[in-house]
Amino acid sequence: MKQFDVVKVTAIRGDRFTGEEVFFKRAPVVGDVGTILDVYADDYEVECSDSDGSTI
C-alpha cells in the first residue's frame, strides 16, 4: 500500500483512541473507509471522513 491509497479499516491496534486528546468526531471503527496519509516502517496513518468530508 502507498500514500493516498483508499483502504478499509480491518483492525485497530490496542487502545490508540482512548486518550484525553480528541481531534475527531469519533474514534475509527472496523469497516470505516479512509485514505492513507503517511506510510511508516510497519504502520500507516489513515484519515477517515464522513459523508460531509469531516474527519471522523
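The values are calculated or read from the model by the stated rules, or taken from the named source; none is laboratory data. Because the structure is a prediction, the values reported are computed rather than measured.
Criterion first (modelled with pLDDT of 90 or more and not in a loop (DSSP other than H, G, I, E, B)) does Thr35 satisfy it?
yes
For the stretch 38-55, which residues satisfy the criterion of being of a type outside the set (A, V, I, L, M), part of a loop (DSSP other than H, G, I, E, B) and at negative phi?
Tyr40, Asp42, Asp43, Asp50, Ser51, Asp52, Ser54
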